[in-house]
1. For segment 537-611, treating each Cα as an identical point scatterer without solvent, what Debye log10 I(q)/I(0) comes out at q = 0.24 1/Å?
2. Place +1 on the Cβ of every Lys and Arg and -1 on the Cβ of every Asp and Glu in the chain, take the dipole about the Cα centre, and give the residue among Ala255, Thr46, Gln823 whose Cα lies farthest towards its positive end.
3. For a quick check: with amide H placed at 1.01 Å from N, whose amide H comes under 5 Å from Ser504's, ignoring anything fewer than 5 positions away on the same chain?
4. Compute the separation of the alpha-carbon centres of segment 420-475 and segment 811-860 and state it in Å as a whole number.
5. Find out how many positive minus negative residues lie around Pro507, taking Lys and Arg as positive, Asp and Glu as negative, among other residues whose Cβ is under 15 Å from that of Pro507.
6. Which of the peptides 802-814, 36-48 is most tightly packed, and how do the rest follow, judged by the mean count of other Cβ atoms within 10 Å per residue?
7. Residue-wise, which Karplus ³J(HN,Hα) couplings in Hz belong to segment 587-599, taking 6.51 cos²θ - 1.76 cosθ + 1.60, θ = phi - 60°, and x for glycine or proline?
8. Mind ranking 815-827, 845-857, 519-531 by how tightly packed they are, going by the mean number of other C-beta atoms within 10 angstrom, highest first?
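A short reminder: the numbers here are calculations on the coordinates, not readings from a lab. From a predicted model like this one, the values you see are computed outputs, not experimental measurements. In this analysis, Cβ positions are derived from the backbone assuming ideal geometry, glycine residues included, and neighbour counts consider all displayed protein chains.
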Amino acid sequence: MPGKKEFSRLSLDVKPINYSLRMKPNLKAFTFEGSEDIDVEVGKSTNQVSLNSSEIEVLDVYFQHEGSDEKQKAEIAYEKENEKVIFTFPAALQTGKGVLSVKFSGILNDQMKGFYRSKFKTSDGQEGFHAVTQFEACDARRAFPCWDEPAVKATFDITLVLPQNKLGLSNMPVEKESPLESDPTMKVQKHTRSPVMSTYLLALIVGEFDHVEAKDEDGVLVRVFTPVGKKEQGKFALEVALKTLPFYKKYFQIAYPLPKMDLIAIPDFSAGAMENWGLVTYRETALLIDPDNSSSKVKQWVALVVGHELAHQWFGNLVTMEWWTHLWLNEGFASWIEYLCVDHCFPEFDIWTQFVTQDLGRALELDALDNSHPIEVPVGHPDEVDEIFDAISYSKGASVIRMLHDYMGDEDFKKGMNIYLTKFKYGNTFTEDLWDSLEKVSGKPIRELMSTWTKQMGFPVIKVEQKRDGSTRVLTITQEKFCADGKKPEASFQWMVPISISTSASPDKPAKIILLNSPTTTVTLEDVKEDQWVKLNCGSVGVFRVQYDTDMLDALLPAIKDKSLPSRDRLGLQNDLFALCRAGLISSVDVLKVASAFVNEDDFTVWSDLFANLSNIAVLLQYTEYYDHYKSFIVDLISPVAERLGWEVKENEGPLMGMLRDLVLGKLGRYNHKTTVEEARRRFDGHISKSKPVPADLRGSVYSTVLSHGDEDVFQKMITLHNESDFLEEKTRISRLLGLIKDPKLMQKVLEFALSEHVRAQDTVFVIGGVTASKEGRDMTWRFVQDNWKELHHRYQGGFLLSRLVKMVTECFVTAEKLKEVQDFFETHPAPAAERTVQQSCENIQLNIKWMERDSVAVGDYLKNRN
């Protein structure tokens, strides 16, 4: 990437052993006072000590050698650009132990990073504030001067000075609490010493919360903290955590090492959650479940996020990456094992099928672009870290670990994980350390195999042709890098690819597994009957696309229609076909014909992925005269499943049926299916009058339908619903759908609403993004973002929300004119944290332009004349 800043890590001539950190936040002035006595080891004599520090005023600094009565006072200098503070002492510090004492002050900012303030409403409707922290990746330095690098671990003794009526939390339990001698309205809260850990995992919270608690089967105290008066909304997450901690203990064969596990909902929080050791912070929507107002989809989301963050307590916290270059391993692993955990705790969600669309599909879509990046990216300056908190680090990382787990088998994988975590506990590792542990157990070439997936970007398309000879099938299998635009890659790429092959005689279990480690190979299958299909990538576990010859593909289509092909394979097959047609490698019309074969489909996840792919085509057809024909095609495709489902919940119905009903009825409503629109309006009226509230699992479809066909009256009712709700999930659901309104004046109101005090900064980006659902809304949103760029950039610079905004607002344009506008704007308005996203968006626009030129007329003719 161009424009990288020069960077060097801190000198470790002086290293921390323990921080005794005392913090006193002022929730009225939005400031804090702090002091720290850092036990250090001086490994090499020096008169200068550099620490990370940003937006902190250091008041004075002393050093005292162990066993000496003398203190040296330091001169203080700042390198603001490098986020450092330098202490220079009159005489060199001698080798050995000593104490570095620092007094400082800072701001409780409103940027959702470092030590910051989060706004909430008190029980009497007044405005209140919590003081909370978010330190990953490099923002502990905004709270106290420290060695803010993951490999520089130390223990922490935390003391909080806070008002008597506030709750104080940190990673460890409270050891002692007493009144502040100088002010009896304040108290001093001392927490027990933490294990050795990285600064980014430290957490401090002062505020007002309720909680529910219980002990897990191993006696670990688990608490879920909620807004005051809403403790019942913490019960579901508590249930999940009580199941999850013992699951990981058994899986890793290592006990959870802390005495308590707190989970807390923070009103203003930029990420979904953060795995601080023993005190995990969450967005309210990622933790709180209201029995009457939460949908099945959000319950599932909460279970996954809790599973993800608690996995980090071992993988990330107990054993930590040596530097941010290895972030992917931290996040990719947790993003994989969260599914293993939820599948164990809640099998009714069929969560591994959802992995194929939520993670594997997302990863393949992004990684096919020229402006992707390898899983493992060398990171220098901390500014570069935010760019890799993306679908490659998380979703592709999770996908290659899933493939590796499948290749090794669960038993060997578990044994290897135990060896790795035991060997490196309380330490730091490189990616290769994990591969070595897994290789030791399995005897398979794990390091060699995985380096082909982590060191080079992209993935292969596996092309397969078959020859029949009686009951024998000879498959010719080749691999080459898959490019989103269909071009042949300029450089040579080769992967070690585990490939499973199934047939209709054994659809759920591979008939053969090979490890492809060359450009091409042949595979012979015996005893395959004439009418049987053959499919590669059983269960969609492999991180690759498959392109079949016509004979093989034709044989698979009846298996889609009668659902004899398993759901993950149905999903993966159509997902590959849509990617191949976008790349111009197969006909878009043929892929729409394949989509028609899903008319009997009843799996939520398969429909969800199919809709996502069809919607990509829909966005392009909005710029043509064929969009209404496309909508008719979708209505015809999904009417049968909608009729089978109906509007009412059936007896003993699982959560996935409720999620499918919401998905299908929402599509029908938005695409002007008359009876669906009428029924949605009727139900909305009952909801507004409170005579018959709409169940949570149907609110998305009802709200989206009435908004899509709504006027000023509907819009105002939705705004009132939003503003009167005190449940963030409901506010989020409404605010993200407001942009479906068709009236341009009301669209403009939605954009203005997004920046108003009614929408939290963490949600603004998604409210703006909601207006991009239509061609007109897209143009309007792009103008709005340009006009308000200064404010938006100030809010989100250096964070992943800026990348999300850029992606949502720009990537769906389809003309050279708009491409130039986007390029020109970001040339004069640089956004370092979103630089790669801008490049990816421009590449996507170019792909859209090519698709329009190549396929739009043929697709339009097919949609017009299909009857």
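1. Evaluating at q = 0.24 Å⁻¹ gives log10 I(q)/I(0) of -1.26.
2. Going by the charge dipole, the pick is Ala255.
3. Long-range HN contacts for Ser504: Trp533.
4. Cα centres, segment 420-475 to segment 811-860: 34 Å.
5. Values: positive: Lys509, Lys512, Lys529, Lys535, Lys561, Lys563, Arg568, Arg570; negative: Asp508, Asp531, Asp562, Asp569, Asp603.
Summing Lys and Arg as +1 and Asp and Glu as -1 gives +3.
6. Working: 802-814: 22.6, 36-48: 17.2.
Ranked by mean Cβ neighbours within 10 Å, highest first: 802-814, 36-48.
7. 6, 4, 5, 4, 5, 5, 5, 5, 4, 5, 5, 8, 4
8. Working: 815-827: 14.5, 845-857: 17.7, 519-531: 12.6.
Ranked by mean Cβ neighbours within 10 Å, highest first: 845-857, 815-827, 519-531.
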